[in-house]
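Visitor: Structure below; questions to follow.
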Amino acid sequence: MQHYRDDFPILGREVYHRPLVYLDNAATTQKPRCVVEAMTAQYYETNANVHRGVHFLSQRATDLHEGAREAVRRFINARSTAEIVFTRGTTESLNLVASSFGEGFLKAGDEVILSTMEHHSNIVPWQLLRERKGIVLKVIPMDDRGVLDLDAYRALFTDRTRLVSCCHVSNVLGTINPVAEMARIAHDAGAYFLVDGAQSVPHFPVDVQALNCDFLVFSGHKIYGPTGIGVLYGKEALLDKMPPYQGGGEMIARVTFERTTYERLPFKFEAGTPDYVGTHGLAAALDYVSAIGMERIAAHEDDLTRHCMERLSCEIEGIRLFGEAPAKTSVVAFNVGHLHPMDLGTLLDRLGIAIRTGHHCAQPLMARCGVEGMARASFALYNTREEVDTFVDALRRVVRMF
C-alpha cells in the first residue's frame, strides 16, 4: 500500500523536524488529493443550491449531490437511496434516531440496550431521551479481553425491549462485535437494531442487508472524506413511520399556517440546505477506497495491528494492552506502568508521532478497565510497518526516560 501515500500530501510534512508518523486515524483520517480537488472543483465550477433551482448550475449540483447518495447506497448495499439520509456525522445520526425513533416508537418504561464499550455519542442521546420520556437503559457487559457477553445480552431482553444500539467496532479496543448475530437476537425478541459503523465502515466491507440491521450510522471524515458530513441508513419502512427530526425548508411537501405535510424519504429528514459539497467529497472518498478494495485495506490494517501488538507486548516493559478480542482491527490501546498517557502522547509528539490519549469519549469503558485514560495508536490504509516500528522504537525510548 506504500504508493498510496503519495495521494496524501500531509504525510510528507515534518513535525518538530521529524517525518510525521500519523497514528490517530480512529479520530480522523487524512484526505487524499482527489477528495480535496473534487470539493474545490465544485466550489469553483458548480456551486449552486441543490434541488430547488431550474438553472444549469443548480441542476448540475443536484446531480452531484444525489449521485453521492447513490454512491453511499452502493457502498453499504442499501436497497434504495430513500434509505440514505445525509447528516453532519455519526453523532447527529444517532441523535436523529434517538429523537425521531424515540418520539415515534418509545414510551415510559420501554427499554434500549447499549454496550459497555459505546462512544459517548451512543450513550448521551439515549440518556437525554430517558430524561424526557422515562425509558430504561440496559448495558451489555464484556469480559477482560473486550468481548461482549452474548449470554448476558440475551438475558437483558424483556417484552419492553424496543431497540439495541451497539458499535460494530470499538473505537478504543478495536473489538469487532458480532452485530449480525446480535441483530438476529434482537429481531427474535421483537426489537430493532442500530449499528454504529463509525469505526467499521472505513476499515472493512459493510453490507447492511447482510447484517439485517435496521439502522447504521457513520461519518465521512473517518473514511478519508470531509468533516461535517455523515450518513444515517435506515430501512425504508421504518424511516417512513418516524416523525421528522428538524423542520424547515426542503423537508416539506406543502406548508400553510394551518398545516404542513412532509416530503418523501429521505428528504423528510434533511431540513435546510445540505452540505452538497461535503456529499460530493464523501462520494470521491468512497470511490477512492472502492478502487483500492475494502478487503485489501482490511488485510493491510489487520497486519499492522498484529505487528504492533506483537512488538509492544514483547519489547515494552510494563505495558498493558487493552482489547485482545479474537476479532479485532485497526486500534491498539495501551498504558505503560504508572506513566500518564498524556505524558506518553506529548513526548511521542516531539518525536513526530501522532497518537491519541485520554478517555476517547468512552468513560464508562475506562471505568470498566479501571483506568482514567489510555494511549491509542490507530491505523489507516496509508500507514506502514516501518511506521509501526518507528512508533514502537520511539515509545521504548520514551519509557526509558522514566
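Visitor: Taking the chain as the reference, fit the longest principal axis to its C-alpha atoms, fit the long axis of helix 179-188 to the helix C-alpha atoms, and give the angle between the two in degrees, 0 to 90, nearest 10.
Guide: The angle comes out near 40 degrees.
Visitor: Would you calculate the separation in nanometres between label points at ASP302 and ARG52, each defined as 7 Å from the Cα along the Cα-to-beta-carbon direction?
Guide: Using points 7 Å along Cα→Cβ, the separation is 4.9 nm.
Visitor: How many nm separate the modelled label positions at ALA27 and THR384, each set 7 Å beyond the Cα in the direction of the Cβ?
Guide: Placing both labels 7 Å along Cα→Cβ, they lie 2.4 nm apart.
Visitor: Please give me the summed charge of the neighbours of ASP302: other residues whose Cβ is under 13 Å from its Cβ, Lys and Arg +1, Asp and Glu -1.
Guide: Result for the neighbourhood of ASP302: 0.
Visitor: Still on this structure, I have one more. Take the Cβ-Cβ distance between TYR262 and LYS107 as r, set R0 to 30 Å, and report the resulting FRET efficiency rounded to the nearest 0.05.
Guide: Computed FRET efficiency for TYR262 and LYS107 comes out at 0.85.
Visitor: Still on this structure: When DSSP assigns beta bridges and you keep just the ones with both residues in the chain, what percent turn out antiparallel, to the nearest 5?
Guide: Taking every DSSP beta bridge within the chain, about 60 percent pair in antiparallel fashion.
Visitor: Relative contact order of the chain: what whole-number percent is it, with Cα pairs under 8 angstrom and at least 6 residues apart?
Guide: 23 percent
Visitor: Sticking with this structure for a sec: What distance in nm lies between label points placed 7 Å from Cα along the C-beta direction at ASP63 and ALA327?
Guide: Taking the two extended label points, one gets 4.2 nm.
Visitor: Considering only Cα-Cα distances, which of the following residue pairs are longer than 28 Å: LYS133/LYS328; LYS107/LYS235; LYS31/LYS235; LYS133/LYS222; LYS31/LYS268; LYS241/LYS328?
Guide: Too far apart for the 28 Å limit: LYS133/LYS328; LYS31/LYS235; LYS133/LYS222; LYS31/LYS268; LYS241/LYS328.
Visitor: Taking neighbour counts of Cβ atoms within 10 Å as a proxy for exposure, in what order, fewest first, do ILE252, ILE223 appear?
Guide: ILE252, ILE223
Visitor: May I pose another question? Using the beta-carbon distance between ARG368 and ARG160 and R0 = 30 Å, what value does 1/(1 + (r/R0)^6) give for FRET efficiency, to the nearest 0.05?
Guide: Details: r = 25 Å, r/R0 = 0.85.
So the FRET efficiency works out to roughly 0.75.
Visitor: Between HIS17 and LEU128, what's the calculated FRET efficiency when r is the beta-carbon distance and R0 is 51 Å? Round to 0.05.
Guide: Once the sixth-power term is evaluated, E becomes 0.65.
Visitor: Just to check, using Stokes-Einstein with a Kirkwood Rh over alpha carbon pairs, what's the diffusion coefficient of the chain at 4 °C and 1.567 mPa s in µm²/s? Could the numbers behind the result be given before it?
Guide: Numbers: Rh = 22.1 Å.
Once the numbers are plugged in, D ends up at 59 µm²/s.
Visitor: Just need the Rg to Rh number for the stretch 70-193, please, alpha carbons only, Kirkwood Rh.
Guide: With Rg and the Kirkwood Rh in hand, the quotient comes to 0.96.
Bear in mind these aren't lab numbers, they're just calculated from the coordinates by the rules spelled out. The model shown is predicted, which means the values in this text are computed figures rather than measured ones. Positions of Cβ are generated from backbone atoms using ideal geometry, with glycine treated the same way; all protein chains shown enter the neighbour counts.
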